[in-house]
C-alpha cells in the first residue's frame, strides 16, 4: 500500500515481460497516440523497437473531447497491436475506457492504461484492480496529487500492487502550451509512495519542439520513465500529430534521454531483439 508520509520508500521495480520500470531502471514507453492502420502501427512499432524503447504504446480506444472526432479502431486496433507485439517482441500498453472492453483489452495488453479523464472512474479502477494486470494510471488534468494517490488506492485495495503513476500535465491559466507539466510531482510522489512514477511530456507540451526538453527534465528529476508519442508521419496523424515525435528522429531522442536518466542513476530498460528479427 501507499506510504503517505516521508521519508520516501524506495521505488519498487515493476517487471513487465522481462522489462523493468522503477528502481534503477528507466522505461521509455513509445508509439502513436492512436492505432490508425496496419502500415502505420507496424512501422511505428519497428521504429520504437529499433531505438531500444521498453514498451509500445498505442490507442485502440480513444477518449475524445468531441464525439465527432476519431474514436479509435476498437477491436481491430487491438488485433493490430497484437500483430505488432508478435513482430517486435515489444510489450503493449493500451488504454481501456469501459469495463465492458476490459476482457478484450487484456487479451493483448501487458499494461492497461487508465487515462486522465477516467482517473476518478471508480468502477473502472476497481475492475482494473481485480483483473490483476499492471495498470498505468494517469493524473487527471485538474487533480491534486492526493486525489491521484486515492485513485490508485482503488486499484491497490483489490490486491493489484502493479501500479504505475503518470504525471501528464495539469490545467492552469497558462496558454503557451497545452498543459503545465508538474515536475515537482515526481519527487513529491516518490516521497509518498513506493510506486513507479513516469511522465507524459507529449500531452503536457502539445508541441513537438517542447517534448525533448521536458523529457530530459523529467529524467533528470528522477522519473522512472516516459510515455511519449511517436509517429512515422506526424503530419498525417488522425490525432495529436503536432505533439508526436517524428519517427526518423526518435533514435536520437532516446540517446539524449538515456544520458539524462544516467544523471539520476538510472539505465534504460530496453528490449532484446527476438531471434530472427533484425534490430
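We did not get these values from a lab; they are worked out from the coordinates using the rules stated. Given the structure is predicted, the values throughout are model-derived calculations rather than measurements. So basically every Cβ, Gly included, is an ideal-geometry build from the backbone, and we count neighbours across all protein chains shown.
What the table below lists for this structure:
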| quantity | calculated |
| --- | --- |
| Listed residues 250, 70, 179, most fluctuating in the chain (Gaussian network, C-alpha, under 10 Å) | 70 |
| Distance (nanometres) between label positions extended 7 Å along Cα→Cβ at residue 65 and residue 146 | 2.9 nm |
| Most mobile listed residue (229, 76, 39) in the chain, GNM with C-alpha springs under 10 Å | 39 |
| Order of 246, 186, 230 - criterion: other Cβ atoms within 10 Å of each residue's Cβ, fewest first | 246, 186, 230 |
| Protection-proxy order for peptides 99-109, 14-24, each taking the mean of Cβ atoms within 10 Å per residue, highest first | 14-24, 99-109 |
| Candidates 227, 263, 165: whichever shows maximal mean-square fluctuation once the chain is modelled as a Gaussian network with Cα springs under 10 Å | 263 |
| Sorted by Cβ neighbour density within 10 Å, fewest at the top, the residues 231, 49 | 49, 231 |
| Proxy reagent accessibility, fewest Cβ within 10 Å first, across 42, 156 | 42, 156 |
| Difference of contour (0.36 nm per residue) and Cα-Cα distance, residue 209 to residue 262 | 16.8 nm |
| In nm, spacing of pseudo-spin labels at residue 248 and residue 98 (7 Å Cα→C-beta vector) | 4.0 nm |
| At 1.002 mPa s and 20 °C, Stokes D of region 1-114 from Kirkwood alpha-carbon radius, µm² per second | 142 µm²/s |
| Separation in nanometres of the label points that stand 7 Å from Cα toward Cβ, at residue 123 and residue 24 | 4.6 nm |
| Tail beyond 24 Å, pair distance distribution of region 14-267 (Cα, percent) | 40 percent |
